[in-house]
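To start, the structure under review is shown below, and the notes come after it.
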Amino acid sequence: MGRDVIVACDFSSAEATYEFLDKFTGRKPFVKIGMELFYAAGPSIVKELKGRGHKVFLDLKLHDIPNTVKKAMSVLSNLDVDICNLHASGAIPMMEAALEGLTRADGTRPLLIAVTQLTSTDQETMERDLWIKEPIDQVVMHYAENAKKAGLDGVVCSPLEAEKVHDRCGKEFLTVTPGVRFADGDKGDQKRVMTPEQAKLIGSDYIVVGRPITAAADPVAAYERCVREFCD
Ligand code: C5P
C-alpha cells in the first residue's frame, strides 16, 4: 500500500458515521474506527464499511496475555480489516502471538502496527506511574524496535518521530501519524502538529486526520485537500 490519508471516524453511532461517509460519492476514504464507535456499533460496522468500498484501520489497541490477543486478532482478521493495532508494552511474545492470530489459512493478513507510548503519557507520568526512568524518546524507539523484532509492519507515532523511526527500523517499516492540521486550521487539543505536506516530506506513510475533515464545512473538499497535499 502507498501513502494514504486515513479519516478518523470518531462518531458515536453507525448512523452518524454513514451520514458522514455518504457525502463521499467519489473516492472512498480509508477510515479509522476507534473504540467508541466499535463498542457502540459492533463488528457489523466494519463489514458494512468494507462492503461500501472503504479500507478500514481498526484502532482497538489490544493489550492482554498472548493467547487472548492471538484469539481476538483472529476474529478481527475474519472481519477483513486492513490495519489493526496493539500496545507494544504488551511485549514481544504478545506481538508475535497477535501476528499468528491475524494470519489467515491462505497466509494473508491485515497489517499490524503498534502503539509505543501514548501521546498522553509524558516523561513525568511515565516515571511516576509506570516506573520507567529512561528518556521517553528512547523508550518510544525501543518499543518501535521491539515491534519490528516481533515482525510487525510499523507503529503509530507523532509525525515528529516518523523520520527517526524510519532511520532505526528501516524505510519499509510503516509510520502512521495522527496530529495533522492544515497550515491555516485550528489545532484543537493537539499540541505537536504538522501539515499534510510536512508529514509527506518527513516520510509518514499514512496520516490519520479527524476533525480537520469531520468538522469541516465541506468535509469532502477538506479530504481532497489532504490527499492533494499528502499523496500527490
Ligand atoms: O481530530 P484529530 O485529527 O485530532 O484526530 C486524530 C485521531 O488520531 C483521533 O482518533 C485520535 O484518537 C487519534 N490519535 C491521536 N494521537 C495518538 C494516537 C491516536 O490523535 N497518539
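Return only the number of the condition from (1) open to solvent by 80 Å² or more (accessible area, probe 1.4 Å); (2) touching a helix residue (DSSP H, G or I) at 6+ places or on another chain (Cβ under 6 Å) that Val165 does not satisfy.
Against the list (1) open to solvent by 80 Å² or more (accessible area, probe 1.4 Å); (2) touching a helix residue (DSSP H, G or I) at 6+ places or on another chain (Cβ under 6 Å), Val165 comes up short only on (1).
Considering each of Leu37, Leu21 in turn, give the residue that is among the hydrophobic types (A, V, I, L, M, F, W, C) and away from the ligand (no atom under 15 Å from the Cβ). Before you say what the answer is, go through the steps one by one.
Numbers: Leu37 fails: away from the ligand (no atom under 15 Å from the Cβ).
From the options Leu37, Leu21, the qualifying one is Leu21.
Please work out which residue is farthest from Val5 (Cα to Cα), limiting yourself to segment 179-205 and to residues that are in contact (Cβ under 8 Å) with a residue 40 or more places away in the chain and of a type in the set (Val, Ile, Thr).
Ile202
Looking at Val155 and the list (1) open to solvent by less than 10 Å² (accessible area, probe 1.4 Å); (2) within 16 Å of the ligand (Cβ to nearest atom); (3) free of Cβ contacts under 8 Å to residues at least 60 places away in the same chain; (4) closer than 29 Å to Lys71 by Cα, which single condition is not satisfied?
(3)
Considering (1) in a helix (DSSP H, G or I); (2) touching a Lys or Arg at 6+ places or on another chain (Cβ under 6 Å), say which one Gln138 fails and leave the rest.
(2)
Could you go through segment 122-132 and let me know if any residue there is within 16 Å of the ligand (Cβ to nearest atom) and under 27 Å from Leu99 (Cβ atoms).
Scanning segment 122-132 turns up at least one residue that is within 16 Å of the ligand (Cβ to nearest atom) and under 27 Å from Leu99 (Cβ atoms).
Within segment 198-230, can you find the residues that are open to solvent by 40 Å² or more (accessible area, probe 1.4 Å), among the small types (Gly, Ala, Ser) and either within 13 Å of the ligand (Cβ to nearest atom) or assigned to a helix (DSSP H, G or I) (or both)?
Across segment 198-230, the qualifying residues are Ala215, Ala221.
Considering Pro110, Pro93, which residue is more than 16 Å from the ligand (Cβ to nearest atom) and crowded, with 19+ Cβ neighbours inside 10 Å?
Of Pro110, Pro93, the one residue that is more than 16 Å from the ligand (Cβ to nearest atom) and crowded, with 19+ Cβ neighbours inside 10 Å is Pro110.
The values are calculated or read from the model by the stated rules, or taken from the named source; none is laboratory data. As the structure is a prediction and not an experimental result, all values here were calculated from the model. Ideal geometry is used to build each Cβ from the backbone, glycine not excepted, and the neighbour counts take in all protein chains shown. Calculation scope for accessible area: heavy atoms of the full protein, side chains included, ligands and nucleic acids excluded. Shrake-Rupley method; radii C 1.70, N 1.55, O 1.52, S 1.80 Å.
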